[in-house]
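The values are calculated or read from the model by the stated rules, or taken from the named source; none is laboratory data. Note that the coordinates shown come from a computational prediction; the quantities given were computed from them, not determined experimentally. Don't worry about glycine lacking a Cβ; one is built from the backbone with ideal geometry, like all the others, and counts go over all protein chains shown.
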Amino acid sequence: MSSYVVHDLETANAVRASTCQIGAVVVRDNQIMERIEQLVNPDDYFDPFNMASHGITPEAVRGKPKFQDTINLLSLLLKCQVAITHGPFNRVDIARTSDERKITLSVTIWLDNQAVVRRTWPQFTKSGYALGKLVKQFNILLKHHNVLEEALANASLFAMAVAESSLPFDESSKALTLSVSTTGSRTMHRAGDPEAPSDQNCLTPKGLQHHVLAIRRRKEH
């Protein structure tokens, strides 16, 4: 069974602990189970450069959940699953935001899709593996600096890479995983974490959907 989460985020400024939007795509057995797009109040200033890039303003996040208010959903998304990002930025941002707010995330398996692409297609080994260039190469529609759109594009690239490698999902991801504890975000290992939660503690699809719906109801009230 293949189960993983592809996520993306935006920041309010150059400080990586200033998350202002989180997007995620939950994939199970090659089917998208859930699409999540959430504005986050970073409790920080907005740099004009960042606002020009993603279009998110202080007014847009006023009254929105703060990072610590969305952390329960984020933990449920990442727990016991492969978490895929395109490059290290998002992983480091989540780690630093969690550290700064003294929030503990469970250890999870992180997979850098840039590394997957570079190892799957020789023409991208040294260059050309930026997301913008890859979506053009593979004719994937993308609205830049939209977290959900970028997560969806990244999910498509990862699925194509796994298909290209002709390896089962577990074998493809096992060879490229990074084990990262976000409370010790500077420690990285090539192998998977032997202390990671076992499958019996993982959230079921039904349980995940329950928590997503609960958060959406809180947003509406």
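Each row is one residue, and each column tells you yes or no for (1) closer than 14 Å to Val6 by Cα; (2) polar (S, T, N, Q); (3) surrounded by fewer than 20 Cβ atoms within 10 Å (Cβ to Cβ).
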site: Ile22; (1), (2), (3): yes, no, no
site: Val40; (1), (2), (3): no, no, no
site: Gly55; (1), (2), (3): no, no, yes
site: Pro58; (1), (2), (3): no, no, yes
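Per-residue answers, yes or no, for (1) charged (D, E, K, R); (2) buried (at least 19 other Cβ atoms within 10 Å of the Cβ); (3) in contact with a helix residue (DSSP H, G or I) (Cβ under 8 Å, 6 or more places away or on another chain); (4) at pLDDT 90 or above:
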position	(1), (2), (3), (4)
Asn113	no, yes, yes, yes
Leu131	no, yes, yes, yes
Val135	no, yes, yes, yes
His144	no, no, yes, no
Val147	no, yes, no, yes
Ala155	no, yes, no, yes
Met160	no, no, no, yes
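Name the residue that is modelled with the lowest pLDDT, counting only residues in the stretch 1-31 that are part of a loop (DSSP other than H, G, I, E, B) and of a type outside the set (Gly, Ala, Ser).
Met1
May I ask you to say which residue of Ala12, Ala17 is surrounded by fewer than 22 Cβ atoms within 10 Å (Cβ to Cβ) and small (Gly, Ala, Ser)? Write out each step before concluding.
Working: Ala12 fails: surrounded by fewer than 22 Cβ atoms within 10 Å (Cβ to Cβ).
Every option except Ala17 fails the conditions.
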So which of Asp43, Asp69 ends up being in contact with a helix residue (DSSP H, G or I) (Cβ under 9 Å, 6 or more places away or on another chain) and on the phi > 0 side of the Ramachandran plot? Asp43
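Which ones in the stretch 54-83 are in contact with a strand residue (DSSP E or B) (Cβ under 8 Å, 6 or more places away or on another chain) and either under 30 Å from Val162 (Cβ atoms) or at pLDDT below 80 (or both)? Let's see the steps before the verdict.
As a first pass, look at the stretch 54-83 and keep what is in contact with a strand residue (DSSP E or B) (Cβ under 8 Å, 6 or more places away or on another chain): 54, 56, 60-67, 70, 73-74, 77-83.
Answer for the stretch 54-83, where residues must be in contact with a strand residue (DSSP E or B) (Cβ under 8 Å, 6 or more places away or on another chain) and either under 30 Å from Val162 (Cβ atoms) or at pLDDT below 80 (or both): His54, Thr70, Leu73, Leu74, Leu77, Leu78, Lys79, Cys80, Gln81, Val82, Ala83.
Tell me the residue from Phe67, Phe89, Phe46 that is surrounded by fewer than 19 Cβ atoms within 10 Å (Cβ to Cβ), of a type in the set (Phe, Trp, Tyr), in contact (Cβ under 8 Å) with a residue 24 or more places away in the chain and out of contact with any Leu (no Cβ under 7 Å at 6 or more places or on another chain), please.
Numbers: Phe67 fails: surrounded by fewer than 19 Cβ atoms within 10 Å (Cβ to Cβ); Phe46 fails: surrounded by fewer than 19 Cβ atoms within 10 Å (Cβ to Cβ).
After ruling out the rest, the residue left standing is Phe89.
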Complete set of residues in the stretch 114-148 that are in contact (Cβ under 8 Å) with a residue 60 or more places away in the chain and closer than 27 Å to Asn13 by Cα: Ala115, His145, Asn146, Val147, Leu148
